[in-house]
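Here is the structure we will look at.
The values are calculated or read from the model by the stated rules, or taken from the named source; none is laboratory data. Bear in mind that the values here come from a model prediction, so they are computed numbers and not experimental data. Quick reminder, even Gly has a Cβ in these numbers, built from the backbone with ideal geometry, and neighbours come from all protein chains shown.
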Amino acid sequence: MNDRGLRTILERLQTPPENPVSRARKLVELQVPLARRGPGWDRHWRELEAYLETPGCWATESEA
């Protein structure tokens with residue numbers, strides 16, 4: 001792992017995530033060993049975090 005990767009991890013640990021997806025990721029990563037995470041693991045979480053940060057109205061099933 002390079003310095004940039006370590007810096008990213010440290011920043012994530014030091015600042016409490018305001019994004020609920022980021023909080024969920026942290027909890028899930030405590031349960032799922034590194035060896036069990038697939039190649040798309042990080043991309044999957046980054047996409048979910050980005051969707052949440054995208055402006056717009058997210059309707060729930062009861063609102064649709």
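Is region 5-13 home to any residue that is assigned to a loop (DSSP other than H, G, I, E, B) and either modelled with pLDDT of 90 or more or surrounded by 10 or more Cβ atoms within 10 Å (Cβ to Cβ) (or both)?
Taking region 5-13 first, the residues assigned to a loop (DSSP other than H, G, I, E, B) are none.
Scanning region 5-13, I find no residue that is assigned to a loop (DSSP other than H, G, I, E, B) and either modelled with pLDDT of 90 or more or surrounded by 10 or more Cβ atoms within 10 Å (Cβ to Cβ) (or both), so the answer is no.
Can you report the number of residues in region 14-50 which are acidic (D, E) and part of a loop (DSSP other than H, G, I, E, B)? Show your work before the answer.
Quick first cut of region 14-50, residues acidic (D, E) only: 18, 29, 42, 47, 49.
From what's left, part of a loop (DSSP other than H, G, I, E, B): 18.
Number of matching residues: 1.
Only residues in region 38-54 that are modelled with pLDDT of 90 or more count as the first member; pair them with residues that are of a type in the set (S, T, N, Q) and surrounded by 10 or more Cβ atoms within 10 Å (Cβ to Cβ), Cβ under 9 angstrom, at least 6 apart or cross-chain, and list the lot.
W45/S22
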